[in-house]
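Derivation of every value follows stated rules applied to the coordinates shown; laboratory data play no part. The structure presented is a predicted model; accordingly, all values stated were derived computationally and were not measured. Every residue, glycine as well, gets a Cβ built from its backbone with ideal geometry; the counts of neighbours run over all protein chains shown.
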Amino acid sequence: MTMTTASGFAQQLKQQFGELISEPTEFRGEISLNVAEADRIAEVCAFAKEKLGFDYLIDISTLDHYGEDPRFSVVYELSSIEHRQHLRLKTTVTEEKSEVPSVTGVWRTADWHEREAYDMMGVKFAGHPNLKRILMWEGYPYYPLRKDFPLEGKPTEIPDVASTDVAPLEGGPFVTLPSSEDSTKREPRRRNPEDWQK
């Protein structure tokens, strides 16, 4: 196996961190690794950048596994410009903790990615230099990308505008229900609006 392929880099991470890193999985030509302890994700990322050449953080995203524990996954999309390789790192956090170390010290571009993940999903990034909302206003009480946030929206008071009417946060007419079923059984179902106003 060539050590400058995504599979080769994944094996080097596995050798460096042992049981902390899962065996690599491949799907449609992309390699993913799970980091068992979320508290060590910054350490793994630093090694990937400094020793393996993954100098570009493409994105950080989050997944909500509503109804399961741990509830959230945090996904890091890494790229090596020199080797033209892509690697995906994943870790999970519980709803109670929902915090991982910031990787802004590894890649400065993580700043806005982490702020967006915090704003939309409520996952916090310890050590972030300015972790505040980036799309919603400060004081907004919800996290719009969580599965328990209704896609039909929730009425809310928008601050600092001339109108004082309640403004609905518009969305689609369906809401996904929590389930560990396969995707065909997890299709969004419409909920009664009274259910999410309680």
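If a spin label sat at a point 7 angstrom from the Cα of MET3 along the line to its beta carbon, the backbone N atoms of the stretch 67-105 nearer than 16 Å would be those of 83.
Cross-link check: pairs LYS14/LYS97; LYS49/LYS132; LYS97/LYS154; LYS49/LYS124; LYS49/LYS90 evaluated at a Cα-Cα cut-off of 19 Å; pairs beyond the cut-off: LYS14/LYS97; LYS49/LYS132; LYS97/LYS154; LYS49/LYS124.
Can you give the extra length, in nm with one decimal, that the chain gains between GLU37 and LYS14 once fully stretched, where that is 0.36 nm per residue apart less the Cα-Cα distance?
So the extension gain works out to 6.9 nm.
When you filter the trypsin sites (Lys or Arg not before Pro) in the stretch 95-149 for DSSP loop state and at most 11 other Cβ atoms inside 10 Å of their Cβ, you are left with ARG108, LYS132.
Of the residues ILE60, ILE31, ILE81, ILE134, the one with the fewest other Cβ atoms within 10 Å heads the list, and the complete ranking is ILE81, ILE134, ILE31, ILE60.
Counting neighbouring beta carbons within 10 Å and listing from fewest to most, the residues ASP69, ASP119 come out as ASP69, ASP119. For PHE47 and TRP112, a Förster radius of 25 Å and the Cβ-Cβ distance give a FRET efficiency of 0.60, rounded to the nearest 0.05. The spread of Cα positions in the stretch 6-126, taken along each principal axis and listed from longest to shortest, comes to 36, 28, 25 Å.
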